[in-house]
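Q: Below are the structure tokens for one structure; questions will follow.
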Amino acid sequence: MWIWQRPDWPTFSFDASRLASTVAEYRCRAEALAGTVSRLAVDDRREALVDLLVSEAIKTSAIEGEQLDRASVRSSIKAYIGLTPKDTLSRDPRADGIAALMVSVRDNVARPLDAALLGIWQTMVIPERPSHALERGVFRRGDAPMLIVSGYIGKQRVHYEAPPSSQVPQEMARFLAWYNATDPTINKNPLPGPLRAGIAHLWFESIHPFDDGNGRVGRAIADHAIAQDLGYPPLSSLATCIEADKKTYDALLERSQRAGLQIDDWLTWFVATVLKAQDIARTQIDFVVEKARYFDRFRDRLNGRHQKAIARMFAAGPAGFEGGMTAGKYIGITGCSKATATRDLATLLQLGALISLPGGGRSARYGLPRVSGQIPE
């Protein structure tokens, strides 16, 4: 018996008191993060926003097994939020579509959800393909069951079967009525944002209303719910955090959809993930500030080759430039000769713009120094 076949569907039950302390911590961290962002320079704030949206777009696609080019996603996101002209949109329809979704969720925080908006979101993440029969922008139709399966043909395992398409319109009407009635801006006793987001995501994924794109749209709904709770689009990294723990995510979804309507385990994991997502966002914001302070200190002493190589190192994000900078990589990035690369790296090391990394073997490796401590509270 699947979750939607139970007589008490969709009356979810959970013990909110078990999650009260985690929810309180979420709100405290969200307020601290918002305060930090408000003190950033305008350019730094924009860069933090772009970096987080790019990461979210790439990771929510990766959860579905789709690998996107970071530069393409960045180009589209910057164009959609108005930082660059529209002709800089990516030519990759997948990168362009997920970028459009990320920005649309932010732009529609105050708007109630309806079938039309969800259809637009689904159309964004499912590019038109003449060879495919998938319908875009509308709920699924037809008699074929909607199955979540894995494995080879003949040895497939069914993880979940969604309600038949004939039930989808009424199921979605009930879901949307609940979602909009629990909007914290109109509800006198609102559900805490992470709980509402967790319920909404599980409920939507259990209906699985579209032929494809349900995961990405479902995570967008969770982001929308959290944004409505905070009253502004949050700088957070929910999809990034989910992708890092995808096995648990998939397992808990499947377990919840096979079990009853008691969803404490799902919500405990989901709320903890929202909390981790704020930590990831804080790390990214700290990194943006560190980058700004680095260039404030060294920009006037860096030549064009220096700046190109250092920019590539920073583009790797908080995780760092994999393997460190070497003479070979420097040559590949700047196109200079080996002698020039050796000289440039020695200059950067002497300036303190690079530091030596241990364990380089025969090839010296260099990393970026830490210019400042944490952002003052």
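Q: Farthest toward the dipole's positive end in the chain, which of Gly82, Pro163, His224, given Cβ charges of +1 (Lys, Arg) and -1 (Asp, Glu) about the Cα centre?
A: Gly82
Q: So which trypsin sites (Lys or Arg not before Pro) in the range 7-104 pass both tests, a DSSP loop state and at most 14 other Cβ atoms within 10 Å of the Cβ?
A: Those satisfying the criteria are Arg39, Arg91.
Q: Now a separate question. Based on alpha-carbon centroids, what's the gap between the range 1-80 and the range 90-165 in Å, whole number please?
A: Cα centroid of the range 1-80 versus Cα centroid of the range 90-165: 19 Å apart.
Q: Separate question: For Leu357, enumerate residues with amide H under 5 Å from its amide H, sequence gap 5+ or separate chain, H modeled in the peptide plane.
A: Arg365, Tyr366, Gly367
Q: OK, next. Helix 20-38 against the longest principal axis of the chain: what's the angle in degrees, Cα atoms only, rounded to the nearest 10?
A: Between the helix axis and the principal axis of the chain, the angle is about 40 degrees.
Q: To continue, here is another question. What ³J(HN,Hα) values, in whole Hz, does the Karplus curve 6.51 cos²θ - 1.76 cosθ + 1.60 give for the range 259-266 when θ = phi - 60°, with x put for Gly and Pro?
A: Each residue of the range 259-266 in turn: 8, x, 8, 8, 10, 4, 4, 4 Hz.
Q: Near the amide H of His159, under 5 Å away, which other amide H atoms are found, from residues 5 or more places off or on another chain, if H is placed in the peptide plane?
A: Amide H neighbours of His159, under 5 Å, 5+ apart: Ile148, Val149, Ser150.
Q: A follow-up question, please. Go through Val103, Ile285, Ala197 and say which Cα lies farthest out towards the positive end of the charge dipole of the chain; charges sit on Cβ, +1 for Lys and Arg, -1 for Asp and Glu.
A: Ile285
Q: With the dipole of the chain worked out from charges on the C-beta (+1 for Lys and Arg, -1 for Asp and Glu) around the Cα centre, which of Ile58, Ser337, Ala30 lies farthest toward the positive end?
A: Ser337
Q: Compute the Cα gyration tensor for the range 148-196, then decide on rounded, prolate or oblate, letting a ≥ b ≥ c be the square roots of its eigenvalues: rounded whenever a/c is under 1.5, prolate when a/b is larger than b/c in the other cases, and oblate in all that remain.
A: It is oblate, given that a/c is not under 1.5 and a/b is not larger than b/c.
Q: Something else now. Tally Lys/Arg at +1 and Asp/Glu at -1 over every other residue whose Cβ is under 14 Å from the Cβ of Gly332; what's the total? Intermediate values should be presented prior to the final figure.
A: Details: positive: Arg305, Lys308, Arg312, Lys329, Lys338; negative: Glu322, Asp344.
Combined, the nearby Lys, Arg, Asp and Glu give +3.
Q: When only alpha-carbon atoms count, how far does the chain stretch along each of its three principal axes, as whole angstroms with the largest first?
A: Taking max minus min along each principal axis of the Cα atoms, the chain gives 74, 49, 41 Å.
Q: Roughly how big is the chain's charge dipole about its Cα centre, with Cβ charges of +1 (Lys, Arg) and -1 (Asp, Glu), in debye to the nearest 20?
A: Working: 47 positive and 42 negative charges, 295 e Å.
Computed about the Cα centre, the dipole is about 1420 debye.
Q: Moving on to the next point. Suppose every K and R has +1 on its Cβ and every D and E has -1 on its Cβ; what is the size of the dipole of the range 66-139 about the Cα centre, in Debye to the nearest 20?
A: The calculation lands at about 200 debye.
Q: Could you give the dipole magnitude of the range 1-66 about its Cα centre, charging the beta-carbon of Lys and Arg +1 and that of Asp and Glu -1, in debye to the nearest 20?
A: For this selection, approximately 260 debye.
Q: Helix-only mean residue ellipticity at 222 nm, the chain, DSSP H runs n ≥ 4 weighted -39,500 (n - 2.57), per residue, nearest 500. What is it?
A: That calculation yields -18500 deg cm²/dmol at 222 nm.
Q: Under 16 Å between alpha carbons, and skipping anything fewer than 8 positions from Lys291 in its own chain: which lysines qualify?
A: List returned: Lys308.
Q: Between Arg6 and Thr185, what FRET efficiency comes out of the Förster formula 1/(1 + (r/R0)^6) with R0 = 25 Å and r the beta carbon distance, rounded to 0.05?
A: Efficiency at R0 = 25 Å is approximately 0.20.
A short reminder: the numbers here are calculations on the coordinates, not readings from a lab. Since this is a predicted model, take the numbers as computed values, not measurements. Neighbour counts are summed over all protein chains in view; Cβ atoms, including those assigned to glycine, are modelled from backbone coordinates with ideal geometry.
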